[in-house]
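Some notes on the structure that comes next.
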Amino acid sequence: MNAIQVQDLRKTFKVQKNREGLKGAFADLFKRQYSEVTAVKDISFSIPEGEICGYIGENGAGKSTTIKMLTGILVPTAGSLSVGGFVPYAEREKFVQNIGVVFGQRSQLWWDIGVIESFQLLRKVYRVSEQDFKKRLDELVERLELQELLNRPVRKLSLGQRMRCELVAALLHNPSILFLDEPTIGLDIVVKSEIREFLKDMNREHGTTILLTTHDLQDIEALCSRVIMLDDGRIIYDGGLEDLKQRWGTGREVQFQFGTATKLQQLTQWTEGMPVTWTAENELGAKVWIPLELNVSDVLGRVVGQADITDIKIIETNTDDIVRSIYQSGSAEKPEEKIAALLDEKEVIHV
Amino acid sequence: MSEQLNGAVASSGGSSGGSGENGRRLLLGAYFDFIRIRFLTMLAYRINYYSGILIYTLNIGVNYFTWKAIYGNGESLGGFTGAQMTTYVAVSWMARAFYFNNLDREISTDIRDGSIAIQFIRPYNYVLVKMMQGLGEGLFRFMMLMIPGMVIAILLFPVQLPTEPSAWIGFLVMLFFSFLISSQINIITGLSAFFVENNEGMMRMKRVIVDLFSGLIVPITLFPGWLSSILKVLPFQAITYLPGSVFTGRVQGVGIWNVLGIQVIWFLVLLVPIVWLYHAARQRLFVQGG
């Protein structure tokens with residue numbers, strides 16, 4: 001069964017236009033002009049129960065707007081959506097019983113009261129019985145090591161401590177679907193990996209469906225089997241992370257350190273007939289770009305026997321680079337066409 | 001939609017743990033917690049409010065001496081004797097110490113900085129929660145501001161306390177409705193931030209209108225005839241003028257029921273724009289700051 005089902009979802013905002021100059025300001029006083037901005041443009045996707053899905057895109061791509069529609073905060077302009085069997089905006093109060101939400105940039109704890117008091121209040125708000133609450137809290141507190149924090153007021157917590165408490169707050173009522181909007185923003189590397197581990201365990205043990213937006217692609221690599229990429233309100237990629245890497249990782253880079261000075265010309269000559277590109281870093285260092293269809297070992301074979309090599313480093317394209325180039329091109333389809341076009345050209349040259 | 005004001009309390013529990021009767025009791029408990037927590041938070045910052053007692057006493061003083069000068073040797077003005085006016089001024093300002101709150105500002109801040117999003121992911125009614133927080137604040141202001149302020153005012157100025165128990169009971173019940181109506185007007189003003197980019201002007205205007213038209217600064221009967229007849233069909237008089245009239249003994253016996261009735265009617269009527277605004281706002285909610 002699908003935990004989240006979205007069909008042709010659209011959200012349009014009316015934005016006030018401010019006309020220029022004094023005359024414009026006066027005109028605005030009497031008649032406002034509005035322009036429509038479509039933040040989410042007819043997107044469709046579905047997420048099965050128990051999946052961890054990454055939702056990525058540049059700032060302003062429409063990620064947060066989608067999350068806000070999925071959590072019942074915003075009412076969509078058009079399209080249909082169903083989350084955990086509910087239409088979020090229509091039955092908001094019933095629906096939110098089944099979901100947990102963490103906004104990395106907003107706190108859902110009460111600033112002036114102690115952490116445990118916040119949890120107690122949420123217990124009542126979410127109508128969780130005392131036994132269930134105690135069991136769940138003990139489990140979460142132990143897992144996230146919050147014992148010492150429970151009696152402190154929220155305003156005295158560090159960001160990392162607060163974020164762990166936010167997670168507890170979002171999970172106290174044992175939701176089946178968890179939405180995380182930039183959960184690791186501003187956190188140090190230790191807390192980040194702690195949170196990732198925790199989320200993975202949650203997903204494994206309770207089968208919690210997780211949808212997270214992030215700008216940190218390490219979150220995605222650590223957690224998600226699937227990625228949905230958004231650009232300008234449209235989905236430009238929806239599929240596995242491995243697929244994305246394969247489709248987009250256009251090649252690998254090998255760095256060489258030589259014992260004796262080796263000329264670029266020499267290197268090019270050794271790998272003649274191979275579609276590789278050499279660049280020299282200095283007299284003793286060079287790197288070669290090897291496209292995906294070529295075996296790294298073939299290239300190495302040509303070089304290793306002849307040069308005096310002290311060190312070799314193979315660098316795979318990382319997700320950051322892939323995502324950056326997708327953002328820049330604005331579509332996940334283009335590069336394949338580009339590669340195809342390139343291959344065509346090559347064939348032409350060979351003939 | 002299960003978003004009606006009373007619907008929130010009545011809506012049944014969810015899947016997690018408590019459901020039905022038990023769940024309802026828990027949510028009701030949560031609403032009471034909002035009163036309690038706000039009260040305790042205010043108590044923690046009570047030093048800020050000691051100056052409030054002084055300010056309200058000062059306001060009473062200024063008004064008392066102004067009215068004294070206006071009366072001169074005259075007997076009565078707009079149906080008020082000099083003694084009644086003193087009592088009216090003192091009790092009106094002290095009532096304000098209780099019913100006044102910043103719900104309008106709190107709501108519009110929530111809307112403008114986007115933290116309203118957090119409010120909408122919780123299974124409760126936002127407006128009702130705000131009302132409860134207002135009540136917590138009101139309780140604090142009643143005990144820490146109004147009561148001590150009243151004691152000081154009685155010591156400093158010739159205030160005549162009512163002798164009839166009906167006046168006391170009537171006044172206290174009406175004071176609670178003053179709080180409800182004033183908070184409702186604040187909520188309406190606050191929710192307007194959904195519709196205008198900056199409702200600062202509306203909030204200031206509301207404050208002046210409530211202070212002036214509720215009869216806090218000048219009793220309604222002293223306004224020109226046409227204006228006072230307009231004010232009698234507006235909700236503002238129900239905040240200060242009507243309870244003040246009961247306390248000063250200008251309204252007695254069955255009359256108390258009548259003025260209380262006016263308050264109850266206004267309380268019910270003002271629910272309509274709140275429910276409407278809340279629903280309309282859900283449709284066009286635009287969470288700032290992404």
* Asked: Within region A:260-277, can you find the residues that are without any contact (Cβ under 8 Å) to a residue 60 or more places away in the chain and part of a loop (DSSP other than H, G, I, E, B)?
  -> A:Thr260, A:Ala261, A:Thr262, A:Lys263, A:Thr271, A:Glu272, A:Gly273, A:Met274, A:Val276
* To do: Tally the residues that are at the interface with chain B (Cβ under 7 Å from one of its Cβ atoms) and crowded, with 17+ Cβ neighbours inside 10 Å, restricting the search to region A:67-90.
  => 5
* To do: Go through region A:278-300 and count every residue that is surrounded by 14 or more Cβ atoms within 10 Å (Cβ to Cβ) and assigned to a strand (DSSP E or B).
  => 9
* Can you tell me which residue among A:Arg252, A:Arg247 is farther than 30 Å from A:Arg10 by Cα, touching a helix residue (DSSP H, G or I) at 6+ places or on another chain (Cβ under 7 Å) and surrounded by 14 or more Cβ atoms within 10 Å (Cβ to Cβ)? => A:Arg252
* Structure fact -> Only unsatisfied item for A:Gln5, checking (1) surrounded by 14 or more Cβ atoms within 10 Å (Cβ to Cβ); (2) within 14 Å of chain B (Cβ to nearest Cβ); (3) under 27 Å from A:Ala222 (Cβ atoms), is (2)
* Structure fact -> For A:Gln161, the lone unmet condition from (1) over 17 Å from the mean Cα position of the chain (by Cα); (2) in contact (Cβ under 8 Å) with a residue 24 or more places away in the chain is (2)
* Structure fact -> Restricted to region B:181-200 and to residues being of a type outside the set (A, V, I, L, M) and outside any helix (DSSP H, G or I), the residue nearest to the chain's Cα centre (by Cα) is B:Asn199
* **Filter result (among the small types (Gly, Ala, Ser) and buried (at least 17 other Cβ atoms within 10 Å of the Cβ)) within region B:144-170** => B:Gly149, B:Ala153, B:Ala167, B:Gly170
* Asked: Pick from region A:101-110 the residues that are at the interface with chain B (Cβ under 9 Å from one of its Cβ atoms) and among the hydrophobic types (A, V, I, L, M, F, W, C): which of them is surrounded by the most Cβ atoms within 10 Å (Cβ to Cβ)?
  -> A:Val101
* Under 8 Å between Cβ atoms, at least 6 apart or on separate chains: pull out the pairs that start in region B:114-135 with a residue that is part of a helix (DSSP H, G or I) and end on any residue that is of a type in the set (Asp, Glu). => B:Ile116/B:Asp110; B:Gln119/B:Asp110; B:Lys130/B:Glu106; B:Gln133/B:Glu106
* **Residues of region A:19-43 satisfying the condition of being within 14 Å of chain B (Cβ to nearest Cβ), outside any helix (DSSP H, G or I) and surrounded by 11 or more Cβ atoms within 10 Å (Cβ to Cβ)** => A:Arg32, A:Gln33, A:Val37, A:Thr38, A:Ala39, A:Val40
* Asked: Among the residues of region A:149-171, is any modelled with pLDDT of 90 or more and on the phi > 0 side of the Ramachandran plot?
  -> no
* Taking the residues in region A:178-192 that are under 17 Å from the mean Cα position of the chain (by Cα) and of a type in the set (A, V, I, L, M, F, W, C) as candidates, determine which candidate is farthest from the other protein chains (Cβ to nearest Cβ). => A:Ile189
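Condition first: assigned to a loop (DSSP other than H, G, I, E, B), facing chain B (nearest Cβ under 7 Å), more than 24 Å from A:Asn203 (Cβ to Cβ) and among the small types (Gly, Ala, Ser). Can you find one or more residues in region A:142-162 that meet it?
Checking region A:142-162: not a single residue is assigned to a loop (DSSP other than H, G, I, E, B), facing chain B (nearest Cβ under 7 Å), more than 24 Å from A:Asn203 (Cβ to Cβ) and among the small types (Gly, Ala, Ser).
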* Structure fact -> For A:Gly114, the lone unmet condition from (1) over 24 Å from the mean Cα position of the chain (by Cα); (2) farther than 26 Å from A:Glu205 by Cα; (3) facing chain B (nearest Cβ under 9 Å) is (3)
* Asked: When you go through (1) away from every other protein chain (no Cβ under 12 Å); (2) surrounded by 17 or more Cβ atoms within 10 Å (Cβ to Cβ); (3) hydrophobic (A, V, I, L, M, F, W, C) one by one for A:Leu121, which number turns out not to apply?
  -> (1)
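The values are calculated or read from the model by the stated rules, or taken from the named source; none is laboratory data. These numbers come from a predicted model, not from an experiment. Virtual Cβ from ideal backbone geometry, glycine too; neighbours counted across all protein chains shown.
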